[in-house]
Every structure is written in C-alpha cells, then in structure tokens.
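Here the structure is laid out as structure tokens; the discussion comes afterwards.
Taken together, the values in this text are just the output of simple stated rules run on the coordinates, not laboratory data. What you are looking at is a predicted structure, and each value in this text was computed from that prediction instead of being measured. Note: ideal-geometry Cβ built from the backbone for every residue, glycine included; neighbour counts use all protein chains shown.
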Amino acid sequence: MLRRPRYSDVDARLALGRDPEIYRMFGGDASFNRPYGQADAEAWLQHTIEHPAAWIIDRGGLIGDVRLDNINRHDRRASFAIGILDPKLLGKGLGTAVTELVLAHAFGALALHRVSLRVLAFNERAIACYLKCGFSIEGRERQTALIDGAWHDDIMMGVLAHEFSTAQDRPHGK
Ligand SMILES: CC(C)(COP(=O)(O)OP(=O)(O)OC[C@H]1O[C@@H](n2cnc3c(N)ncnc32)[C@H](O)[C@@H]1OP(=O)(O)O)[C@@H](O)C(=O)NCCC(=O)NCCS
C-alpha cells in the first residue's frame, strides 16, 4: 500500500535504521557508522511530510518511501526516487510493484510526459527493476560519486508516458 506519511511513522522509521547495504545504494560510505537516531528519523519524517509527492510504502507498517521530485508542470516531467529500507524485503518484487503504481499515477492523474532518475551503476537490482517498469538507459555520468575512496558512475534513465503503457502491456522484462 502507498499512503501519505504521518507523524506516528517515526518509530517505524527509527527501527529500520540505516542498513549499510541500502545506504551504499544511495552513495553512502561504509565508514559512516554513526547510529541512526531519533533526530534522524524525525528529520526524515518531517521532510517526507512536507514533500508534495512522497508516499510511505506500507506493508503492515512502514518499510520505505517513494517520491516524485521536482515536478515540472510546464514540461510535464518529474524525477523518481525510491527506497525500501528493510534489507530482508529487497528483491521480492515490491520495488517493481511500487514503481509501477507511482508511474501509473504520474502518467495518469498527474498527466506527466516523462519521468527520469539517476542510479549508481553498481546498483544492478535497481536498474533491473527500472528496466522492467519501462525505463530506458539514456546515459552515463562518469565518476559522480566517491564511495569508500572509489569513484562510481551514475546511470541516467527515463521513461515516457507511451513507453510505460507499452511496458504494462507485456510480461515483465520482455
Ligand atoms: C531499488 C529497489 C526499489 C528495487 O526494488 P526490489 O523490490 O528490491 O526489486 P524487485 O524485486 O522488484 O526487482 C529487482 C530485479 O533485480 C533482480 N535482482 C535482485 N537482486 C539483484 C542483484 N543483487 N543484482 C542484480 N539483479 C538483482 C531481481 O531478479 C529482479 O528482476 P527479475 O524480477 O527480472 O528477476 C530496492 O531494491 C531498494 O529500495 N533498494 C535499496 C535502495 C535503493 O537502491 N534505491 C534506489 C536508488 S536509485
């Protein structure tokens, strides 16, 4: 289920903490090991509540969030961001289902024409998920992130409204 955030989500967000593998997928260093605390959870929640197009991924409680950032009404585009924050729930199809829901909203109710994203090149699970949802790889920005002392590239991806419809009409990944 996707729903708007509420202040009572703070405990669930605190319990999820900062998993090192997931943190790395967002460009974080393994050496950053400060515990995820109450203030972090409250700041995260406040930002999510104030965001005009952010939703909680709820599966019997908060497990992550998804956003359409920088919605541009003139050009009818936005950028996409998602994080499932429980490592036990990765790779089970949830990200694909959530991405499809948000793209359906973006191209349906919001009447957007294009949704784009950037993802670290080593995040193969995320790239596989986005390809299944109709995104194409549009480019590569070299050495955009310095993680644990090594440079990593960003992959730029985008999907247009008609491409999402086409992707929905065929089995995943075909
Ligand atoms: C990115 C994310 C939303 C994808 O959601 P998910 O539920 O984990 O992914 P799904 O199970 O829907 O799909 C993943 C696909 O990648 C494949 N996959 C899973 N683990 C993989 C791995 N380690 N390497 C490569 N591919 C992998 C799966 O097989 C699946 O493809 P298939 O259905 O064709 O078999 C989720 O992993 C996540 O939130 N990760 C942590 C934060 C993050 O990376 N956010 C994105 C930053 S741009």
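For the condition more than 15 Å from the ligand (Cβ to nearest atom), touching a residue at least 24 places away in the same chain (Cβ under 8 Å) and of a type in the set (Asp, Glu), Asp75 qualifies. When segment 4-25 is filtered for residues that are under 18 Å from the mean Cα position of the chain (by Cα) and either farther than 16 Å from Gly60 by Cα or small (Gly, Ala, Ser) (or both), the ones remaining, listed by number, are Gly17, Arg18, Asp19, Pro20, Glu21, Ile22, Tyr23, Arg24, Met25. Consider segment 131-144 and keep the residues that are surrounded by 18 or more Cβ atoms within 10 Å (Cβ to Cβ) and more than 8 Å from the ligand (Cβ to nearest atom). The one that is farthest from Arg24 (Cα to Cα) is Gly134. For segment 24-63, a tally of residues being within 14 Å of the ligand (Cβ to nearest atom) and at positive phi returns 1.
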